[in-house]
Structure formats: C-alpha cells, structure tokens
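Notes follow the structure.
The values are calculated or read from the model by the stated rules, or taken from the named source; none is laboratory data. As the structure is a prediction and not an experimental result, all values here were calculated from the model. Don't worry about glycine lacking a Cβ; one is built from the backbone with ideal geometry, like all the others, and counts go over all protein chains shown. Protein only, heavy atoms only, side chains kept; ligands, DNA and RNA dropped before computing areas. Shrake-Rupley method; radii C 1.70, N 1.55, O 1.52, S 1.80 Å.
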Amino acid sequence: MTERDVIARLIDVSIGFPANDGAVDTVVDRLSLTIRAGERIGLIGASGSGKSLTALSLLGLVPPPGVIVGGSVEIQGTDILSDSVSNQERLRGGTIGMVFQEAEAALNPVMTIGAHLEEMIRRHRPTETGRWRRIAVDLLEKVDLEPIRTLKSHPHRLSGGQRQRALLAIALAGDPDLIIADEPTSSLDVLTQARMLGLLDNLCRERALALLLISHDLGVVSSLVDRVVVMLAGAIVEEAQTQDLLEAPLHPYSESLVTSARQTGSSKTHPMGHPKSQSGCAFARHCPRREPECEQNLPDLIVLNGGGAVRCPIVAAEVDQ
Ligand SMILES: Nc1ncnc2c1ncn2[C@@H]1O[C@H](COP(=O)(O)OP(=O)(O)O)[C@@H](O)[C@H]1O
Ligand code: SF4
Ligand SMILES: [Mg+2]
C-alpha cells in the first residue's frame with residue numbers, strides 16, 4: 001500500500017470538553033488511525049468510550065464546546081483542521097459519507113428525502129445535477145426503499161429502519177470513497193439490523209468503498225470488517241485483524257468482549273470511565289492480570305512484531321518474546 005491509498009488519517013488526536021475549573025477534560029486521548037482505500041475497519045467500545053467523537057473528528061465536526069486539543073486530521077493528504085471551511089465541506093460528503101448514530105437528528109425534518117439527495121448531488125457531483133433524480137432513484141432502489149414514494153417523504157414518515165437506509169442512500173449520493181456508519185443498527189430490531197448490515201456489506205463490495213463501522217457490540221461488526229480497533233475510555237487498547245482478535249484476543253478487555261460474544265453471540269460493552277478519572281490502565285480495576293504498576297501510568301499502545309498493537313506491556317512482552 002502506498003501513501004496514495006490513504007483516505008483518512010488521525011494522528012495523535014485528542015478531544016476535550018471544558019471542565020468547571022477552567023481546565024479541559026480529555027475524552028479522546030492521542031488517538032491515531034489510518035483508513036486506506038477499500039479497507040473495512042470496526043471501531044468497538046463501550047458507550048462513552050469516544051467512538052462517535054473520533055468519527056466526527058474525521059469530518060472536522062466535533063460538536064462545541066468539544067474541541068480537538070491536539071493532533072492532526074488528514075483527508076486524502078489534506079490537513080483539514082487548518083483547511084478552509086469550503087474545502088472541509090467538499091471532503092465531507094465527497095470523500096467521506098457519514099451515516100450518523102441518530103438518523104432522525106441527522107435529517108432536516110422539513111426537507112423530503114428527495115431534497116436531501118438532490119442537495120448532496122448538487123454539492124458533490126455538480127456536473128450530474130441535471131440527472132439527480134435518476135441517480136437518487138437508483139440509490140433508493142439499492143438500499144431497498146420504494147423510490148418514488150420515498151423521494152416525496154419527509155423523514156418522520158419513515159420507520160427507523162427506512163430512515164437508516166435513507167441516510168445510507170444520502171451518504172452514498174456524494175460518491176464517497178469511505179463510509180462511516182456510527183451504530184447504524186443499534187436502534188433497530190434484529191431482522192432490520194441484519195438487513196442493514198447485509199446492505200452495507202454489498203454496497204461496500206460493489207463500489208469498493210472503505211468502511212469504518214462503529215459499534216458497542218463486537219458481534220455486530222465482526223462479520224463485516226477486516227480489522228478491529230478496540231477503544232476503552234478514550235484510547236485504543238488493541239488493533240488486530242478480525243480473525244486474530246476473535247481467535248486470540250490479546251488485551252484483557254478485548255478478551256472479555258470476545259468471551260461474552262462467544263457465550264451470547266453478542267458482546268455488549270459496559271461503560272468504563274474516562275482517561276482523566278484514573279491515572280493507570282483504564283482496565284486495571286477489572287483486570288485479572290493486574291500488577292501493582294498497572295495503576296501508576298497509562299500504558300503505551302505497543303506495536304507488535306507480528307502486526308497489530310496492544311496497550312498492555314505485560315501481554316506485549318509475552319507476545320513478542
Ligand atoms: N457535549 C458534551 N459535553 C461534555 N462531555 C461530552 C459531550 N459529548 C460527549 N462527551 C464526553 O465524551 C465521551 C465520549 O463520547 P462519544 O464519542 O459520544 O462516545 P461513544 O460514541 O463511544 O458512546 C462521553 O463519555 C462524554 O463523557
Ligand atoms: S496494563 Fe495491567 S491492568 Fe491493564 S490490561 Fe495490562 S495487565 Fe491488565
Ligand atoms: Mg456514539
């Protein structure tokens with residue numbers, strides 16, 4: 001892979017919120033992530049671990065009063081944090097299509113689905129504006145929505161599953177290279193969930209799209225992605241090929257997720273606190289392998305000789321022996 005294959009890259013990104021004492025509470029801590037063309041990555045972690053903010057930072061959309069306090073965000077080689085707002089907008093939608101966690105909030109309630117699609121096509125594919133309707137109908141068919149009725153519908157007229165699929169069609173309308181899907185199925189029933197995941201899978205394959213699939217449930221993402229990134233309390237604790245993670249998770253936190261996925265078919269994560277609320281390893285209080293030094297300093301993310309990375313010096317030393 002060359003640098004040209006890189007679609008998006010976060011380098012040591014930290015995100016914080018102002019605290020009462022005038023300081024900043026860090027909620028994402030020096031996070032680095034590279035997404036290459038056609039690659040499918042699962043971002044897993046408990047609710048509150050920083051997954052959505054990480055995804056939003058890729059689009060330069062961290063909601064105020066949240067702020068990116070360190071690091072850089074590159075989209076196709078451009079540092080978007082120092083770039084003009086108009087270029088950020090071009091990259092957002094044109095390079096990266098986002099399916100937001102809250103489909104209802106992501107859509108404008110007074111605009112029809114057709115108007116949303118038309119706007120995306122006008123903005124990101126201006127030469128094709130004249131045939132926006134044809135493109136929109138094709139996209140709605142692709143996501144299994146009845147096109148003519150859906151074009152005229154306002155978001156509140158659609159069911160939760162239909163809204164998620166409409167959001168996916170809108171994300172695809174900008175002809176992006178990367179789709180970020182943030183918990184795209186968490187509000188859906190099991191059957192509707194499976195349908196949405198099947199659609200994502202097919203569309204990514206057909207269009208050779210890269211995918212960043214975010215979930216608090218390892219069971220949901222593992223069948224769709226090549227690589228899994230596990231987050232805990234604002235930091236990456238393990239990165240591994242999906243198969244390796246499922247067969248031999250390294251970080252004790254990943255191990256607990258895999259064990260519960262094996263037992264129940266689903267590994268729902270539980271909130272674990274934030275980077276600032278403890279000084280040492282964020283998993284120390286729950287870790288069966290804890291040593292006294294684990295509670296002193298946050299361990300580094302250690303890149304392993306055989307590929308992958310783990311934020312635990314004890315496990316890393318065993319693996320790289
Ligand atoms: N508006 C906000 N004000 C203060 N803290 C926030 C705000 N939004 C998010 N956070 C903090 O950032 C953390 C990470 O949020 P988020 O990225 O949404 O987590 P996830 O998507 O993994 O559930 C949350 O646990 C919360 O503490
Ligand atoms: S650093 Fe210590 S507490 Fe943290 S995962 Fe490793 S062994 Fe467990
Ligand atoms: Mg979230």
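Quick notes on this one:
- Residue match in region 192-202 (condition: in contact (Cβ under 8 Å) with a residue 40 or more places away in the chain, touching a Gly at 6+ places or on another chain (Cβ under 8 Å) and of a type outside the set (S, T, Y)): yes
- Evaluation of L61 against the conditions (1) assigned to a strand (DSSP E or B); (2) aliphatic (A, V, I, L, M); (3) surrounded by fewer than 20 Cβ atoms within 10 Å (Cβ to Cβ) shows that the sole unmet condition is (1).
- Wholly enclosed helices (runs of 4 or more DSSP H) of region 199-292 bearing at least 3 residues at pLDDT 95 or above: 242-247, 252-264
- In this entry, S86 passes the filter for residues that are in a helix (DSSP H, G or I), open to solvent by 40 Å² or more (accessible area, probe 1.4 Å) and farther than 22 Å from A169 by Cα.
- Against the criterion of being on the phi < 0 side of the Ramachandran plot, assigned by TED's automatic domain parsing to the domain that holds L245 and touching a residue at least 12 places away in the same chain (Cβ under 8 Å), V62 qualifies.
Condition check ((1) within 16 Å of ligand 3 (Cβ to nearest atom); (2) of a type in the set (S, T, Y); (3) more than 24 Å from Q243 (Cβ to Cβ); (4) over 28 Å from the mean Cα position of the chain (by Cα)) across all residues:
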{"residue": "A282", "(1), (2), (3), (4)": "no, no, yes, no"}
{"residue": "R289", "(1), (2), (3), (4)": "no, no, no, yes"}
{"residue": "E293", "(1), (2), (3), (4)": "no, no, yes, yes"}
{"residue": "Q296", "(1), (2), (3), (4)": "no, no, yes, yes"}
{"residue": "A309", "(1), (2), (3), (4)": "no, no, no, no"}
{"residue": "P313", "(1), (2), (3), (4)": "no, no, yes, no"}
{"residue": "A316", "(1), (2), (3), (4)": "no, no, no, no"}
{"residue": "Q321", "(1), (2), (3), (4)": "no, no, no, yes"}
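- Selection from region 174-196 of residues that are within 16 Å of ligand 3 (Cβ to nearest atom), among the hydrophobic types (A, V, I, L, M, F, W, C) and surrounded by fewer than 18 Cβ atoms within 10 Å (Cβ to Cβ): none
- Among the residues of region 34-49, just one is within 16 Å of ligand 1 (Cβ to nearest atom), open to solvent by 10 Å² or more (accessible area, probe 1.4 Å) and not hydroxyl-bearing (S, T, Y), namely G48.
- I75, sole failed condition from (1) crowded, with 21+ Cβ neighbours inside 10 Å; (2) more than 16 Å from the chain's Cα centre (by Cα): (2)
- For I68: the one exception among (1) of a type outside the set (K, R); (2) buried (at least 23 other Cβ atoms within 10 Å of the Cβ); (3) in a strand (DSSP E or B): (2)
- For region 8-25, filtered to residues that are crowded, with 16+ Cβ neighbours inside 10 Å and at pLDDT below 95, the residue that is nearest to V258 (Cα to Cα) is D25.
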